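Let me begin by presenting the structure, written as structure tokens, before commenting on it.
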Amino acid sequence: CGRRPGERPVGLRPHVERAFEQPQVSIDFAGFSGETLHGVIQEPLDKIRVGRLTPEAISIRMLLVNTATPWALPCRADDLADDPDFRERAATITQRHTQAISDSVHELADLGLVQQASVAIRVHNLAPLFKLYLLNNEEAFFGFYPVREHKVTLKGETRPMYDLMGKDAVLFHHTISDDDTSIGSQYVEQARAWFDSIWTTISHQPTP
């Protein structure tokens, strides 16, 4: 069911692990770099390696920000302008985490521990104001990225940036229920529709 007034936000990690208990695992993620996604799937992937979890197939899709084009946010704090050096730094972080996710998932297929493994990444030119996780098309986790100023050292120079604090995002949880008119069911359905609309229209393969 959907969240009720007064309920506290819930942790993502145990829900991700439960998603991996299903035969067919699908995770759709929309956000900035994929760093937190990388963090929360490491434990279930490790459990597959040692035989404690045994899904048949894993499919992961990531909608991320295009680091090859100028940004409206994150931006320099003094003039709100795009900083190519900051984008280059973000590209390195994104590449590290997305490559690790892809390598880990495909390794399970190479080892014969899952029958099918798929990791797909597409990028878009929108400012990433929130993060969204869709687990097995049954659960949605949504959180706003707080924007805060902090100083970053780029090429030996300290620069104040307005950045997105992904680790500070509070996630709210909605689940599909038997009542397709419930808030939870409608939220998950609309979140899936939004994700697919961006995936199939304005997103594209990352530039190598």
Taking residue 89, is it at pLDDT 95 or above and either among the charged types (D, E, K, R) or within 30 Å of residue 23 (Cβ to Cβ) (or both)? no
May I ask you to say which residue of 140, 193 is without any contact (Cβ under 8 Å) to a residue 12 or more places away in the chain and open to solvent by less than 70 Å² (accessible area, probe 1.4 Å)? 193
Pairs with Cβ under 6 Å, 6+ apart, first in segment 93-112 and over 15 Å from residue 29 (Cα atoms), second hydrophobic (A, V, I, L, M, F, W, C) and part of a helix (DSSP H, G or I): 104/45; 108/48
Return the residue satisfying two criteria in turn: it lies in segment 159-190 and is acidic (Asp, Glu) and within 20 Å of the chain's Cα centre (by Cα), and of such residues it is least open to solvent (accessible area, probe 1.4 Å). 163
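For every residue, the table says whether it meets (1) at pLDDT below 95; (2) closer than 21 Å to residue 52 by Cα.
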position	(1), (2)
80	no, no
93	yes, no
98	no, no
102	no, yes
108	no, yes
113	no, yes
116	no, yes
119	no, no
Looking at segment 101-137, which of its residues are open to solvent by 70 Å² or more (accessible area, probe 1.4 Å) and in a strand (DSSP E or B)? 116
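The values are calculated or read from the model by the stated rules, or taken from the named source; none is laboratory data. This is a predicted model, so every value here is computed, not measured. Quick reminder, even Gly has a Cβ in these numbers, built from the backbone with ideal geometry, and neighbours come from all protein chains shown. Surface areas here come from the heavy atoms of the whole protein model, side chains and all, with no ligands, DNA or RNA. Shrake-Rupley method; radii C 1.70, N 1.55, O 1.52, S 1.80 Å.
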